[in-house]
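For reference, the structure discussed in these notes is given below.
Each value in this text was obtained by applying a stated rule to the coordinates, not by laboratory testing. Owing to the predicted nature of the structure, the values given are computational and were not obtained by experimental measurement. All Cβ positions, glycine included, derive from the backbone under ideal geometry; neighbour counts span all protein chains shown.
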Amino acid sequence: QLDFTKDELSILSALTLGYKEDLSEEIRESFSIAGASHILALSGLHVGFIYTILLFALAKLGNQTLSNRMLKLIIILAALWTFAFVTGLSTSVIRATIMCSLLSLARLTGHKNMAFNSMSAAAFFMLMYNPSWLFDVGFQLSFSAVIAILLIQPWLFNKIEVNNRALKYVWGLITV
């Protein structure tokens with residue numbers, strides 16, 4: 001309906017669902033030469049976007065009652081895991097989905113989310129399901145990136161003091 005060309009549709013499919021089979025060799029090479037091949041790979045960033053959009057969309061339900069919080073949790077978990085299955089259960093998407101699921105459960109119960117604990121739990125559950133993932137480069141890179149973010153981002157964020165709320169949010173995104 002939007003008159004996308006075949007190449008535009010194939011790039012859109014790769015960016016949103018990780019479906020890269022329709023990408024032409026020319027497009028793959030262009031992304032590779034530009035050093036941007038990683039943009040076409042699904043990652044925890046995609047799961048984070050979905051999670052954030054859902055939190056924003058469901059904000060009107062409020063958190064006053066347990067039933068509202070449970071409904072939000074069910075919708076979020078269903079959407080995240082549906083996305084994970086639709087996109088082929090890549091290791092980075094599974095890791096992020098487990099971590100966001102644990103974050104959602106922590107929010108429901110009023111507990112503080114511990115990022116290192118949820119990351120460790122994600123690694124534990126993933127390796128219990130498939131121990132050979134320990135030797136998978138995607139698994140190693142996904143967890144290495146998250147560890148680096150969790151260790152370096154707070155230190156970097158505190159290097160510059162920002163008092164404006166909006167700028168502080170932007171600075172937080174930049175440091176990640």
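Observations, loosely collected:
- Dipole magnitude for the chain: about 1120 debye, using +1 per Lys or Arg Cβ and -1 per Asp or Glu Cβ, origin at the Cα centre.
- Three-way shape call for segment 52-176 based on the alpha-carbon gyration tensor, with the a/c threshold at 1.5: oblate
- Ser24-Leu173 FRET efficiency (beta carbon distance; Förster radius 30 Å; 0.05 resolution): 0.35
- Sorting 65-75, 153-163, 91-101, 46-56 by average packing, meaning the other beta carbons within 10 Å per residue, from highest down gives 91-101, 46-56, 65-75, 153-163.
- For GluC sites (Glu not before Pro), the sites in segment 14-120 that DSSP calls loop and that have at most 16 other Cβ atoms within 10 Å are Glu21.
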